[in-house]
Structures are given as structure tokens and as C-alpha cells.
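The values are calculated or read from the model by the stated rules, or taken from the named source; none is laboratory data. These numbers were taken from a predicted model, which means no experiment stands behind them. Cβ placement follows ideal geometry from the backbone for every residue including glycine, while neighbour counts extend to all protein chains displayed. Side chains included, ligands, DNA and RNA excluded: accessible areas come from the protein's heavy atoms. Shrake-Rupley method; radii C 1.70, N 1.55, O 1.52, S 1.80 Å.
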Amino acid sequence: MNYTYIIKCKDGSLYTGWTNNLEKRLEAHNSGTGAKYTRTRHPVELMYYETFDTKEEAMSREYRIKKLSRAEKLNLINKKEV
């Protein structure tokens, strides 16, 4: 299983990524060993995720979500709460 996810950082910013192990990735973000962006912005909170069969699908969805405005991302989160 592959995931595309949106997390909220402690400063209120949103970060979008993909992984094949969502729990482990969240632990990495919260321990400061995740993405460079989240290293100084943890703790993070999972706000949204989608599941995909392939890595390519998850990466493609991540790319599309990153193109969205903050308002559009918040709308997406509000439509499907974790």
C-alpha cells in the first residue's frame, strides 16, 4: 500500500508527501528525521491521506496536491477528515 498525505506542522503550515509506510513516516517527521521542511516544524499532525496500489500513483497525486493553493488543500482536508 502507498499513501499520499498532508500533515500540519506546529507552525500551522501544511506539508504534502508520499510513503509506503504512513506510521513510520509520521514518526520520522515527528522525530526530526523526516523531510528537511518538517525537521524544524515538528511535531506534526496527520490531517489527510489517500491510499494507492502503486508508488507512481501516490507520487502523481502528491504532485497534484502540491500544486493546490492552501485554501484548496484545506477544502480537501475538510471533505475527508482522518
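What the table shows:
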{"item": "Output for segment 49-82, where each listed residue is among the hydrophobic types (A, V, I, L, M, F, W, C) and either closer than 16 Å to T19 by Cα or open to solvent by less than 50 Å² (accessible area, probe 1.4 Å) (or both)", "result": "F52, A58, M59, I65, L76, I77"}
{"item": "Close pairs (8 angstrom Cβ cut-off, 6 or more residues apart or separate chains): free of Cβ contacts under 8 Å to residues at least 40 places away in the same chain in segment 54-80, in a helix (DSSP H, G or I) anywhere", "result": "L68/L76"}
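Listed here are the residues, each with its yes/no results for (1) out of contact with any His (no Cβ under 8 Å at 6 or more places or on another chain); (2) at pLDDT below 95.
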residue: V44; (1), (2): no, no
residue: Y49; (1), (2): yes, no
residue: K55; (1), (2): yes, no
residue: S60; (1), (2): yes, no
residue: Y63; (1), (2): yes, no
residue: K67; (1), (2): yes, no
residue: A71; (1), (2): yes, no
residue: K80; (1), (2): yes, yes
